Amino acid sequence: YKIITTIDKSKQDLMQSIGDTRLDDMPESLQIGGIALDPKTGEVLSVYAGSDYLSKQLNNADQAVFEPGSTMKPFALLGAAQSGVSFDTLFNGNSHQHFTGLDQEVNNALENNWGNINLYQATANSVNTVFMEVNKHLGAANLAKIAHQAGIEEDIAEDTTYNILGINGITVWDLAQGHSTIANDGVKNTLHI
């Protein structure tokens, strides 16, 4: 018998080697999962599910969920582009901002203050406060809709603009599906092996 798969052995071996490598200061509780794919076809070229099935039975690529954090921000960029927002528009990129309907102030990483910056700069520096403002403009439900249209199947909160900061648990596979649609100029190809 001959088994035909999309997995590329050299890419799989490399991903396994990198995934199994733990840095000295890496917490033991940190789990790693990964997928490499061809966005033009949806073919999965390599998968890292974890290092030891006997110690952790959930597949870190398509079963275990995590909060995707800032990797949700590209879906806000899609929404901004679709609604005609120029990426040259200036936004307040400072920390310690308050947004209507939210109790907690929103800060950037390391509480950095970026001043007035455009979406290019906000993306390059992953500025939370700018993306919260963009999401306020889009609406939390609309951001969830955009992410789902791109291919994310997991639930995305529709009742809080915090959803732009990746607060909902999703799988690596699900996130890769959504990002591959962006990488393929908006054409969604279902991921498959």
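Miscellaneous remarks
- On inspection, E43 passes the criterion of being open to solvent by 30 Å² or more (accessible area, probe 1.4 Å) and within 22 Å of the chain's Cα centre (by Cα).
- Cross-chain or 6+ apart pairs with Cβ under 7 Å, the stretch 65-80 first and on the phi > 0 side of the Ramachandran plot, then of a type in the set (A, V, I, L, M, F, W, C): G69/L165
- Among the residues making up the stretch 84-104, a single one is open to solvent by 100 Å² or more (accessible area, probe 1.4 Å) and touching a strand residue (DSSP E or B) at 6+ places or on another chain (Cβ under 7 Å): L90.
- Only one of V106, V47 that is more than 22 Å from N189 (Cβ to Cβ) and of a type in the set (V, I, T): V106
- Only one of N142, N168 that is more than 20 Å from A183 (Cβ to Cβ) and part of a loop (DSSP other than H, G, I, E, B): N168
- Selection of first residues in the stretch 1-30 that are free of Cβ contacts under 8 Å to residues at least 60 places away in the same chain and of second residues that are assigned to a loop (DSSP other than H, G, I, E, B) and open to solvent by 80 Å² or more (accessible area, probe 1.4 Å), restricted to Cβ pairs under 6 Å at least 6 apart or on distinct chains, gives the following pairs, ordered by first then second residue: D20/S51.
- Taken over the stretch 94-139, the criterion of being part of a helix (DSSP H, G or I), within 16 Å of T71 (Cβ to Cβ) and among the hydroxyl-bearing types (S, T, Y) is satisfied by T123 alone.
- Taking the stretch 152-165 as the range and being out of contact with any Leu (no Cβ under 8 Å at 6 or more places or on another chain) and either touching a residue at least 24 places away in the same chain (Cβ under 8 Å) or assigned to a helix (DSSP H, G or I) (or both) as the test, the residues that pass are E153, E154, L165.
- A80 being in a loop (DSSP other than H, G, I, E, B), at pLDDT 95 or above and open to solvent by less than 30 Å² (accessible area, probe 1.4 Å): no
The values are calculated or read from the model by the stated rules, or taken from the named source; none is laboratory data. Small disclaimer: the values here were computed from a predicted structure and weren't measured. Methodologically, a virtual Cβ is constructed for each residue, glycine included, from the backbone with ideal geometry; neighbour enumeration extends over all protein chains shown. Just the protein is used for accessible areas: all its heavy atoms, side chains included, with ligands, DNA and RNA removed. Shrake-Rupley method; radii C 1.70, N 1.55, O 1.52, S 1.80 Å.
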